[in-house]
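All remarks here apply to the structure that follows.
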Amino acid sequence: AFVQRTPTTNRYAFYAAGSADSRWQPTRLPELPETCRFVHFGSISLIGEPARSATLYAIETARTAGGLISYDPNLRLLLWPDASAAREGLLLGLRQAHIVKLSDEESAFLTGLDDVQAAARALWREDWQLLAITRGRAGCAYFTPEFSGEMAGFAVDAVDATGAGDGFMAGLLQGLLVEPDILHDETRLRQLCRFANAVGALTTCQRGAIPALPQRQQVLDFLDRH
C-alpha cells in the first residue's frame, strides 16, 4: 500500500492482486485457542475468495467459542469492484460483529446520512454491544444498548492522518480486553474513548502508519498534559 499525502486528504494505491493475505483458506487458518476473547477483522479480507470464506470461518469459530467479534471496515473503495459491492461487503461485516468502529465518512457511505446519531440508529443491530463513530479532530460518538454520547478529541499539530483510525481502534480494544464490563459503565467507557482519541491524535503527529502508533506510556503522558 502506498499513500500519497495531499493538502486535503490521503490517496492510496494498492498492489494486492495475489497477495498472501488474499490467499488464506479456511483449512489453512491456525486453530483459535480456547482462551480467544476477541477476533478483530476488517472488510478488505471480505473482497474475494478464498480470504472471504476464511474470515467468515474464523468469525464463526470464535462466536461458537463465546468470543467477541470486533470490526473496523476500513473502507478502501479502490480495492472493490464498485461502490455497490463495497457497500454490500461492509454490511456483511456489520452483521457479524459485536463491536464496531466506523468513521463518519463510512457511516455516511453506508446510510446516506451525515448526522452520526441518525446514521447510528439506521445501522444499529440487536446483538451489537458497542458502536464507535470517529469524527477526526472532533473526537468520537459512542453507542451501546444502554447509553450513548460523545467524547471530544484533541488539538494536535497533525502531519499525517494515516493510521489514526487504526490507532483509535487499538486504544479501544486494549481497554476492553482488560475490562470488558466497561461496556456497561458509561463513566469508564467515556474514559476509554478519551484514551482511544488520544491514541488516534498522537498517531497523526508522525508520518506513516504503524511506526506512528504510540506506546501506552506516551498516551498516558499525553493525557496527563491534557
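The values are calculated or read from the model by the stated rules, or taken from the named source; none is laboratory data. It should be emphasised that the depicted structure is a prediction, and the values quoted were computed from it without experimental measurement. With ideal geometry, Cβ positions are generated from the backbone for all residues, glycine too; neighbour counts draw on all protein chains shown. These area figures cover heavy atoms from the full protein model, side chains too; ligands, DNA and RNA do not enter into them. Shrake-Rupley method; radii C 1.70, N 1.55, O 1.52, S 1.80 Å.
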May I ask you to verify whether Asp157 is open to solvent by 60 Å² or more (accessible area, probe 1.4 Å), touching a residue at least 24 places away in the same chain (Cβ under 8 Å), touching a Cys at 6+ places or on another chain (Cβ under 8 Å) and not basic (Lys, Arg)? yes
Exception for Glu88 within (1) on the phi > 0 side of the Ramachandran plot; (2) surrounded by fewer than 16 Cβ atoms within 10 Å (Cβ to Cβ) falls at (1)
### Message
Condition check: open to solvent by 20 Å² or more (accessible area, probe 1.4 Å), within 21 Å of Phe38 (Cβ to Cβ), basic (Lys, Arg) and in a helix (DSSP H, G or I). Does Arg188 satisfy that?
### Response
yes
Report task. Report yes if some residue within segment 163-181 is farther than 24 Å from Phe41 by Cβ, open to solvent by 30 Å² or more (accessible area, probe 1.4 Å), modelled with pLDDT under 95 and out of contact with any Ser or Thr (no Cβ under 6 Å at 6 or more places or on another chain); otherwise report no. Result -> no
When (1) open to solvent by 50 Å² or more (accessible area, probe 1.4 Å); (2) on the phi < 0 side of the Ramachandran plot are applied to Asp72, the one that fails is (1)
Checked pairs for segment 96-117, first more than 15 Å from Leu130 (Cβ to Cβ), second part of a strand (DSSP E or B) and at pLDDT 95 or above, C-beta under 8 Å and 6 or more apart or across chains, list as Ser103/Ile133; Ser103/Thr134; Asp104/Ile133; Asp104/Thr134; Leu110/Leu102; Gln117/Ala141; Gln117/Ser148
message: Going by what's in this entry, would Arg194 be described as open to solvent by 60 Å² or more (accessible area, probe 1.4 Å), in contact with a strand residue (DSSP E or B) (Cβ under 7 Å, 6 or more places away or on another chain) and within 16 Å of Ile133 (Cβ to Cβ)?
response: no
Among residues of segment 25-44 being over 22 Å from Lys101 (Cα atoms) and at pLDDT 90 or above, the residue least open to solvent (accessible area, probe 1.4 Å) is Pro26
Of the candidates Phe168, Phe195, Phe222, the one satisfying the condition of being of a type in the set (Phe, Trp, Tyr) and within 16 Å of Asp72 (Cα to Cα) is Phe168
Quick one: is Glu60 of a type in the set (D, E, K, R) and either loosely packed, with under 12 Cβ neighbours inside 10 Å or under 25 Å from Gly208 (Cα atoms) (or both)? no
